[in-house]
Every structure is written in structure tokens, then in C-alpha cells.
Amino acid sequence: MSTFIEMDSTVTLADQLADEEAGPVVLINTFVVPPEDADALLEVWSRDAAIMKRQPGFISTQLHRGIAGSGAFLNYAVWQSVAHFRAAFANPEFRAKLSEYPESARASPHLFRKVEVPGICIA
């Protein structure tokens, strides 16, 4: 099982899962493994993604890997709401798969919403 490290120690994933605001959210989850464990991480992540893809409220996901042989990965997943993500995250089938991640893996999941910056990006 991977080690969970909060991306923001002042607002934990548990705090975020309690949020009831409507609207879409983006899960950013970084994984870091030694390069020799990258294939194992990819295998487990693929099975997890297949489970999540079947859940209500799932919109999309994309996995990225650091270049030059890096063992750093970034998962970007879009959900219709925190409530949808919370239900999917609590799904027993998904929870059972968490123990299959390499012990060397460090994961940092965090939920985000778009921010509007005038002249640069829209919410």
C-alpha cells in the first residue's frame, strides 16, 4: 500500500471530502515511486481508473509521467462534484485496490476548482 502525504497540510483530503459546494472538481493526485516500481504503479492505477470510470459523476482522467525515466506521475481527474468523487472514493471495490499499490509509492491527492484570472483564464 502506498503512503498518503497531504498536498496541503492545512486543508486535508478529508476536509475537502466534507465540502458540499456544487460544481465540478478536479482531482490532482501525484504519485512518486522508484523508477523500478513504475510498471507496478501503472498496472494498479489502470485497474483503479477502470473502476472510477464506471462511477456516477466521473467525467475524465489523464495520467502523466515525468520525463527522462522519472518515477513521478500526475493523475488529473475531473468529477461532476465533490459528492460524486466522495461516493466513488468510498466504493469498496476501489478501496480494496489501494493495498495493491507498491509499498514504495507516495500519493498526494487533492481536490481543486478552476480559478478565474482576468485576461489569463476563465473559471
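Every number here is computed from the coordinates shown, using simple stated rules; none is lab data. Quick caveat, the model's predicted, so the values are computed rather than measured. When we count neighbours, we look across all protein chains shown, and the Cβ atoms used for this are built from the backbone with ideal geometry, even at glycine.
General observations
- Filtering region 102-114 for residues that are more than 15 Å from residue 4 (Cα to Cα), crowded, with 18+ Cβ neighbours inside 10 Å and in contact (Cβ under 8 Å) with a residue 12 or more places away in the chain leaves an empty set.
- Region 74-97: number of residues that are of a type in the set (A, V, I, L, M) and farther than 20 Å from residue 15 by Cα: 2
One line per residue, one yes/no per condition, for (1) without any contact (Cβ under 8 Å) to a residue 12 or more places away in the chain; (2) in contact with an Asp or Glu (Cβ under 9 Å, 6 or more places away or on another chain):
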| position | (1), (2) |
| --- | --- |
| 25 | no, yes |
| 39 | yes, no |
| 43 | yes, yes |
| 57 | no, no |
| 94 | no, yes |
